[in-house]
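Chemist: Provided herewith is a single structure, encoded as structure tokens, for subsequent inquiry.
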Amino acid sequence: MMKKILWTAVVCVLFLGCARPMRVMIVGDFSGVSSMLHVEGREGILWAISDLRDEKKILYEMLDIHNISDDEVKKVLQKYRPDVILGPFESTIGARLIPLANEMAIPIICPTVSTSCWTGKRDYMARVVPENLQEIRSLLCRMERDGVSRPLLLYAEANKVYATAWKEESSNFWTSKGVNVVIVPYRFEGSGWVEEVAERVVRARPDALIIVAGGEEGGLLVQRIGRQLSGVRFYLSGWTMDRYFLRWSGRYGEGAVVIHHFVMNHTNQGYQNIARRFLEQYGQMPSFGFVYGYEAMKLAAELYDDAKGQLAKRWFSLFPRTFEGLQSAVYLDQYGDATRKMFIIKVVSNEWQVANE
């Protein structure tokens, strides 16, 4: 009888251990100048958690990293003990959080951090977006084919880590072609910032701009600069490609070019199901921040299951692998770095439309 009681207790412990809820910490700058991308990514994660609730138990907490020291962030993580961190959503915040996650041996999945700073490194980070060098180099080649001769790179200082590759690659590319590229950084602050930045650009008289900024800022800049520089062409970073750009750029954004891995009207059924629900609730199509936040949570759940709940312990044995994203399959190499198909996308009639397949 005693043996039966002990065996029952062991079985119960094992069962409860297997059924332990997955603990997620969602981290982002939800109140800073670039909060829009973070907020949309967070919503994508929360949608995925809701969709997964019938399959597994997921506990989560959210941490706004804005104006919080690294020591404070570390204390929160030590107290909550998450199985995985989801976020952040931009490279500058990633530069703070990824080293901390590595130090604490907590797996971190970054939905939209594309800087190449951590590419090819054996650490606790994985991501569902490719590093941005392919995007940058492809866009520069496109500009050369389009006959650009007086390029200007305009970038937001708020995300310096992301902008670094754009500056370095643009400078190297155009210098090798014997072409001078003007580089103009700016800060999103004060009531007259758009006019001030536009004035600096207009004085340089470029025939084409690369804009590395969030969609709202990028749209405002295109509207203002397009009014004053007739015939100037706009080339955009993937960060700029969202519905807010279309809202603020208006007719001046017509023909703007992006080379990116996210397609607003992708025909994949999994994506269409999510997009339809999003459209019904919000009256607009989802952004890449939302979709990649959703994917990051789905990937985290898949990895957690494969690791039998021991995500940190088994992390390095989980890669390489192929993950079924909402739009297409995503290949994750041995370092957790993603590869996705790229598309040339243009603004046509104030909509993002794929120009190639």
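Chemist: Does segment 279-302 hold any residues that are open to solvent by 10 Å² or more (accessible area, probe 1.4 Å) and either on the phi < 0 side of the Ramachandran plot or hydroxyl-bearing (Ser, Thr, Tyr) (or both), and which are they?
Modeler: LEU279, GLU280, GLN281, TYR282, GLN284, MET285, PHE288, TYR294, LYS298, GLU302
Chemist: Right, here's the next one. Working only within segment 325-355, note down all residues that are within 18 Å of SER138 (Cβ to Cβ), open to solvent by 50 Å² or more (accessible area, probe 1.4 Å) and assigned to a loop (DSSP other than H, G, I, E, B).
Modeler: Passing the criteria: LYS341, ALA355.
Chemist: What are the pairs with Cβ atoms under 7 angstrom where one residue, in segment 292-320, is in contact (Cβ under 8 Å) with a residue 60 or more places away in the chain and the other, located anywhere, is polar (S, T, N, Q) and surrounded by fewer than 24 Cβ atoms within 10 Å (Cβ to Cβ)? Sequence gap at least six, or different chains.
Modeler: PHE319/GLN334
Chemist: Give segment 293-317 a look and list any residue that's assigned to a helix (DSSP H, G or I) and touching a helix residue (DSSP H, G or I) at 6+ places or on another chain (Cβ under 7 Å), or say none.
Modeler: GLY293, TYR294, ALA296, MET297, LYS298, ALA301, LEU303, TYR304, LEU311
Chemist: Follow-up. Among the residues that make up segment 58-68, is at least one of them buried (at least 19 other Cβ atoms within 10 Å of the Cβ), of a type in the set (D, E, K, R) and touching a Phe, Trp or Tyr at 6+ places or on another chain (Cβ under 7 Å)?
Modeler: No, there is no match, as no residue in segment 58-68 is buried (at least 19 other Cβ atoms within 10 Å of the Cβ), of a type in the set (D, E, K, R) and touching a Phe, Trp or Tyr at 6+ places or on another chain (Cβ under 7 Å).
Chemist: Right, next: Got a sec? Which of MET104, MET125 is touching a Gly at 6+ places or on another chain (Cβ under 9 Å), at pLDDT 95 or above, surrounded by 15 or more Cβ atoms within 10 Å (Cβ to Cβ) and of a type outside the set (Phe, Trp, Tyr)?
Modeler: Criteria check complete, one pass: MET125.
Every residue, every condition in (1) part of a helix (DSSP H, G or I); (2) of a type outside the set (A, V, I, L, M); (3) more than 30 Å from GLU295 (Cα to Cα), yes or no:
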site	(1), (2), (3)
PRO185	no, yes, yes
VAL197	yes, no, yes
LEU221	yes, no, yes
TYR244	yes, yes, no
TRP248	yes, yes, no
ASN273	yes, yes, no
ARG276	yes, yes, no
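Chemist: Tally time: how many residues in segment 130-141 are crowded, with 17+ Cβ neighbours inside 10 Å, out of contact with any Lys or Arg (no Cβ under 7 Å at 6 or more places or on another chain) and not acidic (Asp, Glu)?
Modeler: Residues in segment 130-141 being crowded, with 17+ Cβ neighbours inside 10 Å, out of contact with any Lys or Arg (no Cβ under 7 Å at 6 or more places or on another chain) and not acidic (Asp, Glu): 4 in total.
Chemist: Would you check if there is a residue in segment 62-73 being within 26 Å of ARG277 (Cβ to Cβ) and modelled with pLDDT of 95 or more?
Modeler: For segment 62-73, residues within 26 Å of ARG277 (Cβ to Cβ) and modelled with pLDDT of 95 or more: present.
Chemist: Which members of segment 143-168 meet the condition of being open to solvent by less than 40 Å² (accessible area, probe 1.4 Å), at pLDDT 95 or above and not hydrophobic (A, V, I, L, M, F, W, C)?
Modeler: Result: PRO151, TYR155.
Chemist: If you don't mind, another one. Determine, yes or no, whether ASN159 is part of a helix (DSSP H, G or I) and under 19 Å from the mean Cα position of the chain (by Cα).
Modeler: It is true that ASN159 is part of a helix (DSSP H, G or I) and under 19 Å from the mean Cα position of the chain (by Cα).
The values are calculated or read from the model by the stated rules, or taken from the named source; none is laboratory data. Note that this is a predicted model, so its numbers are computed, not measured. Positions of Cβ are backbone-derived with ideal geometry, glycine not excepted, and every protein chain shown enters the neighbour counts. To get the accessible areas, we keep the full protein, side chains included, count just its heavy atoms, and leave off ligands, DNA and RNA. Shrake-Rupley method; radii C 1.70, N 1.55, O 1.52, S 1.80 Å.
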